[in-house]
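Down below is the structure, laid out as structure tokens.
The values are calculated or read from the model by the stated rules, or taken from the named source; none is laboratory data. Computed from a predicted structure; not experimentally measured. FYI the Cβ positions are ideal-geometry reconstructions off the backbone, even for glycines, and counts take in every protein chain you see. Note: accessible area is taken over every heavy atom of the protein model, side chains too, but ligands, DNA and RNA are not part of it. Shrake-Rupley method; radii C 1.70, N 1.55, O 1.52, S 1.80 Å.
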Amino acid sequence: MNSITVIGETNMQPEINEYIVNVEFREIVGDSYRNIKGKTVDDVAKEFAASLSKVNIDFSRFEEDELYRITSYSYNTSRFYFYKTTSLDEVKLVLSQSMEGVTNTKVDIISKEMAHEEMGKLSKDAIDDARNAATKIAENIGGNIGEIIKIENHNNKQKYFNSMAIKTPIKYYVTVTFSLK
């Protein structure tokens, strides 16, 4: 049977469920040239906790990221923590706490899970896009598309926000195979 397979797409706007702020504490090696006193990782963490308490964020809500720590190149001289919140304002407060030995490594943005109804609507829009693309291709080769033979939907209920491409639309893709007449 002759067929044509195309990928249909549609834009989507996932809702943000939570933010995860990732922070690294590094041992500070004393430096008389820059007049910096050496500090242990624990000292740096205590200072950061004190700084956070001034903006009403409780450091006890931070969790140590043991898995990240054991895979880091500086296991003995660093600690990695993460802080989960639904508040963008809290994210900004954590990130604004700047001090020697503390690096805000990244912020993960986690979307809310999509309901089946939402996935169904997005799938329909992506299938319609695939039908339009397949129709144009078939017309260009002197044919027509027929019925849908197969639909493949590889989307998840949750979408990842790529911080490097946050300004580009987030796409929802469906692969559709049509019979070709």
Q. Based on the alpha carbon coordinates of the range 27-97, what radius of gyration and maximum Cα-Cα distance (Dmax) apply, in Å?
A. 13.9, 42
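Out of the trypsin sites (Lys or Arg not before Pro) in the range 19-65, which ones are loop residues according to DSSP with at most 15 other C-beta atoms within 10 Å? List each step's numbers first, then the result.
Values: sites: Arg26, Arg34, Lys37, Lys39, Lys46, Lys54, Arg61; in loops: Arg34, Lys37, Lys54.
Passing sites in the range 19-65 are Arg34, Lys37, Lys54.
When ligands, DNA and RNA are left out and all protein chains stay put, how many square angstrom of accessible area per residue does the range 54-121 have with a 1.4 Å probe? Spell out each step's value before the answer.
On the way: 4490 Å² over 68 residues.
It amounts to 66 Å² per residue over the range 54-121.
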Q | Given 12 as the ceiling on other Cβ atoms within 10 Å, longest exposed-site-free region of the chain for chymotrypsin sites (Phe, Trp or Tyr not before Pro) in DSSP loops | A | 76-181
Q) Can you list, bin by bin at 10 Å, the percent of alpha carbon pairs in the chain, starting at 0? A) 9, 25, 21, 16, 13, 10, 5, 1
Q | Pairs of Cα atoms farther than 19 Å apart, the range 61-134, % | A | 58
Q: Step through the residues of the range 76-81 one at a time and calculate ³J(HN,Hα) from phi using the Karplus curve (6.51 cos²θ - 1.76 cosθ + 1.60, θ = phi - 60°), rounding each to whole Hz and writing x for Gly and Pro.
A: 7, 10, 9, 9, 10, 10
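About the Cα centre of the chain, how large is the charge dipole given +1 on each Lys and Arg Cβ and -1 on each Asp and Glu Cβ? Please answer in debye to the nearest 20.
Values: 23 positive and 27 negative charges, 71 e Å.
I would put it at about 340 debye.
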